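The values are calculated or read from the model by the stated rules, or taken from the named source; none is laboratory data. Only a predicted model underlies this, so the values are computations on that prediction, with no experimental measurement involved. For neighbour counting, all protein chains shown are included, and Cβ atoms are generated from backbone atoms with ideal geometry for every residue, glycine included. Quick note on the areas: whole protein, heavy atoms, side chains included, nothing else; ligands and nucleic acids left out. Shrake-Rupley method; radii C 1.70, N 1.55, O 1.52, S 1.80 Å.
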Amino acid sequence: MNVVILAGGYATRLWPITMTKAKPLLPVGKKMIIDHVYEKVSKFGCVYVSTNRRFESDFRAWAKDKDVDLIVEETMNEEEKLGAVRALAEVSKILNGEMLVVAGDNIFSFDLDGFVEYYKKKRSCVVGLYDVGDIELVKRYSCVEMEGQKIVRFYEKPSKPKSTLVGIAIYALPKTAVDLLQEYVSSSTQSDNLGDFMSWLCERTEVYGYPFTGMWHDVGNADSYLEALRFYMEHHIDESAVIGKYSKIIPPVVIDEHARVEGRSIIGPYAYIGKNCIVENSDVSESVIFNNSVLRNARILRSIIDEDCEIRCLELNNSIIGMHAKIQRG
């Protein structure tokens with residue numbers, strides 16, 4: 001079985017952070033988002049990452065010690081991107097046969113063994129489902145309508161959901177369904193959403209749903225990214241990091257190489273401090289501070305600060321700060 005990790009989007013809801021970083025390569029603790037996906041799927045076959053030309057070099061750096069091949073679309077920005085279905089259709093021209101497809105911004109606690117075994121038993125399309133338990137939350141996703149174990153239709157971001165079961169961008173597709181990708185994308189009237197493609201497939205073949213239990217996070221925006229930190233961060237302080245004697249660390253945190261925490265700083269819980277950062281007399285919790293940034297007399301809560309920033313004498317809450325910013329009060 002070919003395993004395809006979809007990682008070709010431009011993640012505009014996380015701009016400006018993802019203007020220079022691919023979302024699947026964002027850190028969630030010591031690991032990146034895509035590390036969590038790769039660890040779950042690598043046992044099932046040859047792994048391919050579908051990405052774009054803009055972030056190709058970053059994914060090649062990530063993949064250099066892994067058994068992964070890249071399939072690169074010729075796009076450099078949001079306006080040019082193929083979209084999930086068309087990207088998968090391009091992949092199907094290169095790979096021949098059945099596919100296990102997983103979105104590269106999915107983080108989940110459950111294993112996929114049962115899902116793959118269910119697919120082998122059915123030998124038809126299988127879609128991973130998750131019960132979000134909240135009708136209002138369903139409106140953000142693709143809701144499914146079921147008849148027994150079969151899915152009869154997907155509803156993309158429905159205003160009146162029929163259930164709390166949503167598709168979570170985990171798909172097992174037999175060759176017959178993969179072959180239909182070209183027919184689907186040849187029509188200019190078809191949506192490029194995978195949920196709409198699966199709904200289209202429901203009219204032509206059997207599509208089954210496989211409900212998962214456990215934790216699942218779709219990292220779509222800053223809130224969901226920071227929420228994922230709470231569940232998947234593993235405590236790690238690099239041996240080259242310097243922690244001042246009056247500073248306090250509240251696990252779990254990640255403090256990366258050559259970072260310095262000085263003065264009466266409080267770091268954590270759920271804080272990521274990148275390489276070469278300096279944090280002096282500052283509090284940081286539920287936040288991500290990227291490499292080479294400096295915080296002095298600051299309080300940072302549920303915020304993301306990009307590389308090479310300097311924040312002084314300021315309190316930030318639920319904020320996203322782009323790289324090279326210099327901000328201070330007074």
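In table form, for the structure just shown:
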{"read-out": "Amide H contacts under 5 Å for His236, placed H, 5+ residues apart", "value": "Val253, Val254, Ile255"}
{"read-out": "Dimensionless Rg/Rh of region 57-153 - Kirkwood Rh, Rg from C-alpha atoms", "value": "0.99"}
{"read-out": "At 0.692 mPa s and 37 °C, Stokes diffusion of the chain via Kirkwood alpha-carbon radius, µm² per second", "value": "157 µm²/s"}
{"read-out": "Region 21-117, relative contact order [Cα under 8 Å, separation at least 6], %", "value": "33 percent"}
{"read-out": "Along each principal axis, Cα extent of region 168-306, largest first, Å", "value": "66, 32, 24"}
{"read-out": "J(HN,Hα) series, region 260-267, from Karplus relation 6.51 cos²θ - 1.76 cosθ + 1.60, nearest Hz, glycine and proline x", "value": "10, 10, 10, x, 9, 7, 10, 10"}
{"read-out": "Extended-chain gain in nm, criterion 0.36 nm per residue less alpha-carbon gap, Ser187 and Trp15", "value": "58.8 nm"}
{"read-out": "Estimated distance in nm for a label pair at Lys162 and Arg264, the labels positioned 7 Å out from Cα along Cα-to-Cβ", "value": "6.1 nm"}
{"read-out": "Listed pairs Lys40/Lys248; Lys120/Lys150; Lys245/Lys275; Lys81/Lys150; Lys31/Lys162 exceeding 25 Å between Cα atoms", "value": "Lys40/Lys248; Lys81/Lys150; Lys31/Lys162"}
{"read-out": "J(HN,Hα) series, region 45-58, from Karplus relation 6.51 cos²θ - 1.76 cosθ + 1.60, nearest Hz, glycine and proline x", "value": "x, 5, 9, 10, 10, 8, 9, 10, 5, 4, 9, 4, 5, 5"}
{"read-out": "Amide H contacts of Ile170 (H built 1.01 Å from N, under 5 Å, at least 5 apart or other chain)", "value": "Gly128"}
{"read-out": "Cβ crowding within 10 Å averaged over residues, with 70-80, 191-201 ranked highest first", "value": "191-201, 70-80"}
{"read-out": "Inter-label distance for Asp111 and Asp69, nm, one decimal - labels placed 7 Å from Cα along Cα-to-Cβ", "value": "2.8 nm"}
{"read-out": "Carbon + sulfur, % of accessible area of region 114-271 - ligands and nucleic acids excluded, 1.4 Å", "value": "46 percent"}
{"read-out": "Whole-Hz couplings from phi, Karplus 6.51/-1.76/1.60, listed for region 87-101; x for Gly and Pro", "value": "4, 5, 5, 5, 4, 5, 6, 9, 9, 10, x, 5, 9, 9, 10"}
{"read-out": "Ranked order, Arg153, Arg260 - accessible area, probe 1.4 Å, largest first", "value": "Arg153, Arg260"}
{"read-out": "Of all accessible heavy-atom area on region 14-96, the percent that carbon and sulfur account for (1.4 Å)", "value": "50 percent"}
{"read-out": "For Met146, residues with placed amide H under 5 Å, excluding near neighbours", "value": "Val152"}
{"read-out": "Quarter of Cα convex hull surface for region 274-318, i.e. mean projection, nm²", "value": "2.4 nm²"}
{"read-out": "Within region 152-209, GluC sites (Glu not before Pro) in DSSP loop having at most 16 other beta-carbon neighbours inside 10 Å", "value": "Glu203, Glu206"}
{"read-out": "Region 204-269 - Rg (one decimal) and Dmax (whole number), Cα, Å", "value": "18.7, 66"}
{"read-out": "Kirkwood Rh and Cα Rg combined as Rg/Rh, region 68-224", "value": "0.94"}
{"read-out": "Debye log10 I(q)/I(0) at q = 0.09, 0.12, 0.14 Å⁻¹ for region 1-124, Cα point scatterers", "value": "-0.24, -0.43, -0.59"}
{"read-out": "Per residue accessible area of the chain, 1.4 Å probe, in Å²", "value": "45 Å²"}
